[in-house]
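**Q** Shown below is the structure under consideration.
Just so it is clear, none of the values below were taken in a lab; they were calculated from the coordinates. Just so you know, these numbers come straight off a predicted model, no measurement behind them. Reconstructed Cβ throughout: ideal geometry from the backbone, glycine too, with neighbour counts over all protein chains shown.
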Amino acid sequence: MFYAQRLSFLAWIKEWGGPWLACILTFGLLWMSHAPRQTPEAAYIFLLPVLIWFHFRPGYRKVLICLLLSGWAYQIAMVGWMRHVSFGGMCTATFLLSCYQAIWFLVARMLYPWFSRGGLKARVLVLVALSSLWVAVEWGRTLFTLGFPWCPLSVTQWERPVLLQASSYAGGWVVSFFLVFFNLCVGSYLHHLLIRRRKAEGFLNRSVCPELYLGILMLFLMVYPFFSRFNTPENFPEKTIRVGVCQPYLQDKWVEGRAIQHKETLRKQTQFLAHIKPDVILWPEASTPYPINLDRLWVEELAKETGIPILAGSVIREEEASYNTMTYIDPIDGMQPEWYAKQVLVPFGEYIPWPFSLLPGIKKMVGPVGSFSAGEHPLLFDIPIREGNHTSFVRAGFLICYEDIFPGLARRTQELDADLLVVSTNDAWFAEEGCAEQHAAHSVMRAVENRLPVIRCGNAGWSGWIDQQGRVRDVLKNEQGSIYFEGATVLEVQVPIRSFSSRYSMGDQFAYLCLGLFLAILLYYRLGVRKRHSVAKGS
């Protein structure tokens, strides 16, 4: 009996051990490439284990089971911090994200025979098709009510600005396309070394793998904009705005009795910053304990006392509607009548999407404020800055909470001629498990795409600023080097008076192009399969 069990276990290892190992290695490398880990180069080779497994022609059922479940585990490892808000929501969201990824792997398995048996033309078409499909899947995650484009492949390179500059022309999608294309080129080179050259005829066919040189060429095209800009500096003058950033680390904000404590924290940090005389003081998302328009006096008095305008992340309540806003408090005129309201709300956190809203009792899932209403358009504030004896203005656009993970929102704000972007957020819900660093990585992409500086103000961290080339210029840290603490600082942000405009960027059009390329190549492949079947039947 023991012998039979041993044979059964060995058979299971033979049947499933390799597939599980390949999937674990692929998603393990992908996990290592993302923040807060420090190994973004793992993104250049993460697909190789699964590509090697595909050489053995696994069945589609096995591909789906292994990659769906291991992808689910990977997503939980990435965004498991969501459990602090909703364990069920975390499980559901991570499973949906794994389903998106599984689409790509199933198509890759389908196209592998065409790649392995075809010539150079077929191989290149497969490389382009799969790279394009990866971009199309990531773009698809920005759509629909439950869209959640968290941590696309491009943000793995957030600390490698040398690779990001092409994003100002084609959006962050081009970085994802390159990384998948490079993975596939390296995979093709391995296939050439181990398989193809043994069967190839002629010295050149045995010695040269054109796909490897294609990958190297694309790497050169990706890094070229970085070096070309530095060799030919932009001749745009800059102005400096001094931004006081409050990181109050407010926790359990809605618990009764915390309002006075939170007001005092904000007051203390604002008064401290006022001594350093910034041009404006920035508070994080929903920092005021009550709707600011119903409890405005203390904020207006604070601005008047310091003589410095305050940009406050706050809730505004009007009749039956609540808005998650950024509000401008002028030291003379008080709270301004116009405010920016968050446009993309968090499903099940700030509102219940249809048709789920029809379920009885489900509205209890939203926070203590109740369901929010969404804003309809971006809004800019003109922030005065003192330059010697005269005053000029910097136009600031805003993104609240996780709005900076949606490229289109930042692009629409930039198109209003914003000089900089401000991200006001509250990641304190998710403890200290990497959410803040992952979130900051998206802000880096928005800075490069729009050629604008980005200032981030987080309730618990990451607070700092990023220049228009995606370089992290300053981050608020304590003596231990942690971003998670209560503190405040003044950031001196250099704002180009006129920089490269993303009006000349492809933006989402690159994603549309990728979707079209994939569908065209897939159609070409399917027609080729039918033609081969027809020829086989005729013979």
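**Q** If one takes the longest principal axis of the Cα atoms in the chain, at what angle in degrees, from 0 to 90 and to the nearest 10, does the Cα axis of helix 18-33 lie?
**A** 30 degrees
**Q** Compute the distance in nm between two label points, each set 7 Å from the Cα along the Cα-to-Cβ direction, one at ILE497 and one at LEU527.
**A** 5.6 nm
**Q** Give the shape of the stretch 239-496 as rounded, prolate or oblate, defined through the alpha-carbon gyration tensor: a ≥ b ≥ c are the square roots of its eigenvalues, a/c under 1.5 means rounded, and otherwise the shape is prolate if a/b is larger than b/c and oblate if not.
**A** It comes out rounded by the Cα gyration axes.
**Q** Further, regarding this structure: Compute the relative contact order of the stretch 239-496 as a whole-number percentage, counting only Cα pairs closer than 8 Å that sit 6 or more residues apart in sequence.
**A** 21 percent
**Q** Within the set of other residues whose C-beta is less than 11 Å from the C-beta of ILE332, count the net charge using Lys and Arg as +1 and Asp and Glu as -1.
**A** -2
**Q** Could you tell me the ratio Rg/Rh of the stretch 115-214? Both radii from Cα atoms, Rh via Kirkwood.
**A** Using only Cα positions, Rg/Rh for the stretch 115-214 is 1.09.
**Q** Please state the shape class of the stretch 426-527: rounded when a/c is under 1.5, otherwise prolate if a/b exceeds b/c and oblate if not, all from the C-alpha gyration tensor.
**A** oblate
**Q** On a 0 to 90 degree scale, rounded to 10, what angle separates helix 259-274 from the longest Cα axis of the chain?
**A** Relative to the chain, helix 259-274 is tipped by roughly 80 degrees.
**Q** How about LYS477: which aspartates and glutamates have a C-alpha closer than 15 Å to its C-alpha, ignoring those fewer than 8 places off in the same chain?
**A** Straight-distance partners of LYS477: GLU432, GLU437, GLU486.
**Q** Rounded, prolate or oblate: which fits the stretch 6-161, taking a ≥ b ≥ c as square roots of the Cα gyration tensor eigenvalues, rounded meaning a/c under 1.5, else prolate when a/b beats b/c?
**A** Judged from the Cα gyration tensor, the stretch 6-161 comes out oblate (a/c at least 1.5, b/c at or above a/b).
**Q** Let me ask you something else. Counting just the Cα atoms, what span does the chain cover along each of its three principal axes? Round to the nearest Å and put the largest first.
**A** Result, largest extent first: 88, 64, 45 Å.
**Q** Let me ask something else. Would you calculate the separation in nanometres between label points at LEU519 and SER392, each defined as 7 Å from the Cα along the Cα-to-beta-carbon direction?
**A** Going from the LEU519 label point to the SER392 one covers 4.7 nm.
**Q** I'd like the distance between the alpha-carbon centres of the stretch 382-416 and the stretch 286-332, rounded to an integer number of Å.
**A** 18 Å
**Q** Relative contact order for the chain: what percent, with Cα pairs under 8 Å and sequence separation of 6 or more?
**A** Answer for the chain is 16 percent.
**Q** Once every DSSP H run of n ≥ 4 in the chain is given -39500 (n - 2.57) and the sum is divided by its residues, what mean residue ellipticity at 222 nm do you get, rounded to the nearest 500 deg cm²/dmol?
**A** Helices in the chain give a 222 nm mean residue ellipticity of -14500 deg cm²/dmol.
**Q** So what's the angle, to the nearest 10 degrees on a 0 to 90 scale, between helix 210-231 and the longest Cα principal axis of the chain?
**A** Orientation of helix 210-231: about 20 degrees from the principal axis.
**Q** List the chymotrypsin sites (Phe, Trp or Tyr not before Pro) in the stretch 8-90 that DSSP assigns to loop (not H, G, I, E or B) and whose Cβ has at most 14 other Cβ atoms within 10 Å. Which are they?
**A** The qualifying sites are PHE56.
**Q** Counting only the backbone N, which residues of the stretch 35-59 are under 16 Å from the spot 7 Å out from the Cα of ARG198 toward its beta-carbon?
**A** 52-53, 55-57
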